[in-house]
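Since the structure comes first, as C-alpha cells, the remarks are kept for the end.
Please treat every number below as a calculation from the coordinates, not as lab data. All of these numbers come straight from a predicted model, not from anything done at the bench. In this analysis, Cβ positions are derived from the backbone assuming ideal geometry, glycine residues included, and neighbour counts consider all displayed protein chains.
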Amino acid sequence: MKVLITDDEITTRLTLRGLLSQHDCEIVEAASGLEALDVIQSDSPPNLIFMDWNMPDLSGVEVTTLLRETLSEDQPYVIIVSSYNADEQILEALSYGADDYITKPVDGNFLNAKFAVAKRIIDTQEKLKQSNEVLQKLAYYDELTGVLNRRAGNASFMVELERCVRNDQNLSVTMVDIDYFKNVNDTYGHQTGDIVLKEFANILRKTIRPYDIVCRYGGEEFLLIAEVNSCHEAQQLFERVRLAVNALEIKDGPLSLKITASFGVYVVTPSIQLSFDDMVKYADEALYQAKGEGRNRVIVKSALNDGDAPLQEAY
Ligand SMILES: [Mg+2]
C-alpha cells in the first residue's frame, strides 16, 4: 500500500512518517497541494492520503474536491489532517469528499485506528476490483481456449465492420471447424478433446495476423474475422492457417495426434451492410461446401461489388 503524506510543515510530515513507519506501507511526501496532485496523477498513485487542510497553494479540501471530480476509478482514501477541531469543520471536510478526519496534534493511537479502517476498506476495494476483472474476462473470453467468446466475437465484428467502412476495406468472416472432432472425443475422451481445442485455438491465434480476431463460436467451431483486400488474399491467408493446423502435433502424455480443419470464408464489401448473422450464415455455407468436397480445405465465397470480382468466387 502506498501512502502520501501532504503537509506544508515538515514537522507534521516527520511526525506522521514516524507514526506510520510501524505499518507495512510505502510512504511518499508532498509539501503542497500541487505537489500532491502530481503524485496522485502519476503512474503509481497513492491508495491512502493524509492531507493537511491549510496549505499555501491548494488547500487539502480543494485537492480532495478536485480528485473526487476528476478521477473516475481507483479513488484514494483521504484523511484530512488539521488543527481545526470544531464539528462544523469536520463535517465540511467530509462534505468535500474526505473519508475521515484527524485533528492536530496527531495522536498515535487515533492514527493507528484510522489507518486500520482505511486499510480494511482499501483491501476490500482491491479484492472487488480483482473479482470484477475476472468476471469481465469471463464475460468476453472463452474459458477453455482463452480466445474471445461468441458474444465478444459479435461485438468485435461490429467494430471491424465500422473500421472497414471508414477505410473502404473488404472484410472476411471465416467459420473454421476441426474435421472429425467427434472421433477425438469418442476415442480418447473429453480431456484429450479439450487439449485439442486449446492447441487448435492457439495455432489459429499464432498463425493469423495479430490484428485479426479469433473467437470460439461453439463446440469445435471457431470464427475468424479479418480485413482483406481480395478473395485471393483471403485464400492465401487461410491456406497458411490450414497448413499450420496440418503441421500441428498435439501431445497428450504418450499420445500424439494430428488434426485437419475445414475453412468456410465469406468476403464482403462493407457497404453491402450485412449483419453478423448473415455473414456467419454465408461463411457456414462455404464451410458446408468445404466439408462436402472432402474437408481439410479452404472455400472462399464473396459478394464483392467492385466489378472485378465475380459474385460467387469459389476456389
Ligand atoms: Mg498547513
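For each pair in LYS2/LYS129; LYS137/LYS206; LYS137/LYS291; LYS206/LYS281; LYS251/LYS301; LYS206/LYS258, compute the distance between the two Cα atoms and list the pairs where it is over 28 Å. Provide the component values of the computation, followed by the final result.
Working: LYS2/LYS129 17 Å; LYS137/LYS206 20 Å; LYS137/LYS291 33 Å; LYS206/LYS281 26 Å; LYS251/LYS301 34 Å; LYS206/LYS258 18 Å.
Cα-Cα > 28 Å for LYS137/LYS291; LYS251/LYS301; rest within.
Taking GluC sites (Glu not before Pro) as exposed when DSSP calls them loop (any state but H, G, I, E, B) and at most 10 other Cβ atoms lie within 10 Å, what is the longest stretch of the chain free of them, the sites themselves excluded?
So the longest stretch without any such site is 144-248.
Can you list residues from other chains, or at least 5 along the same chain, whose modelled amide H is less than 5 Å from the amide H of LYS301?
Those lying under 5 Å, H to H, from LYS301 are VAL265, TYR266, VAL267.
Compare the Cα positions of VAL268, GLN236, ILE250 along the charge dipole of region 231-290 (+1 at Cβ of Lys, Arg; -1 at Cβ of Asp, Glu; about the Cα centre) and return the one farthest towards the positive end.
Result: ILE250.
Given +1 on the Cβ of Lys and Arg, -1 on the Cβ of Asp and Glu, and no further charges, what dipole in debye does the chain carry about its Cα centre, rounded to the nearest 20?
With only Lys, Arg, Asp and Glu charged at Cβ, the dipole is about 1380 debye.
Taking neighbour Cβ counts within 10 Å as the exposure measure, how do CYS25, CYS164, CYS215 sort from fewest upward?
If I rank by nearby Cβ atoms, fewest first, I get CYS25, CYS164, CYS215.
Between ALA247 and GLN169, what is the spin-label point distance in nm, taking each point 7 Å from the Cα along the Cα→C-beta axis?
2.5
If we count other beta carbons within 10 Å of each Cβ, what is the order of ASP99, ASP24, fewest first?
On the way: ASP99 19, ASP24 7.
Fewest-to-most Cβ neighbours within 10 Å comes out as ASP24, ASP99.
If the only charges are +1 at each Lys and Arg Cβ and -1 at each Asp and Glu Cβ, what is the size of the charge dipole of region 144-262 around the Cα centre, to the nearest 20 debye? Mind showing how you got there, number by number?
Working: 14 positive and 16 negative charges, 50 e Å.
Dipole about the Cα centre, nearest 20: 240 debye.
Would you kindly calculate the mean projected area, averaged across all directions, of the convex hull enclosing the Cα atoms of region 2-139, in square nanometres? List each step's numbers first, then the result.
On the way: hull surface 34.2 nm².
Answer in nm², one decimal: 8.6.
On a 0 to 90 degree scale, rounded to 10, what angle separates helix 150-167 from the longest Cα axis of the chain?
Taking the Cα atoms of the chain, the angle to 150-167 is about 80 degrees.
Sequence-distant or interchain residues sharing an amide H contact under 5 Å with LYS2, placed H: which?
For LYS2, the qualifying residues are GLU26, ASN47, LEU48.
Per residue of region 259-264, what does 6.51 cos²θ - 1.76 cosθ + 1.60 with θ = phi - 60° give for ³J(HN,Hα)? Whole Hz please, x for Gly and Pro, Karplus curve as stated.
Ordered by residue, 3J(HN,Hα) equals 10, 10, 9, 10, 10, x Hz.
Describe numerically, in nm with one decimal, the distance between label points set 7 Å from Cα along Cα→Cβ at GLN22 and at ASN229.
7.2
On full extension of the chain, what length is gained from VAL106 through ASN85, given 0.36 nm per residue of separation minus the C-alpha to C-alpha distance?
6.4 nm
Using Cβ counts within 10 Å as a stand-in for footprinting exposure, how do TYR211, TYR141 rank, fewest first?
In order of increasing Cβ crowding within 10 Å: TYR211, TYR141.
Compute the length gained on full extension between GLN41 and GLN136: take 0.36 nm times their separation in residues and subtract their Cα-Cα distance, giving the result in nm to one decimal.
My answer for the length gained is 31.6 nm.
Can you give the local net charge around LYS206? Use residues other than it whose beta-carbon is closer than 15 angstrom to its beta-carbon, Lys and Arg +1, Asp and Glu -1. The partial results should precede the final answer.
Numbers: positive: LYS198, ARG205, ARG209, ARG240, ARG242; negative: GLU199, ASP212, GLU249.
Around LYS206, the charge tally is +2.
With unit charges on the beta carbons (Lys and Arg positive, Asp and Glu negative) and the dipole taken about the Cα centre of region 38-143, which residue among ALA86, SER44, PRO105 sits farthest to the positive side?
Going by the Cα projections, it comes out as PRO105.
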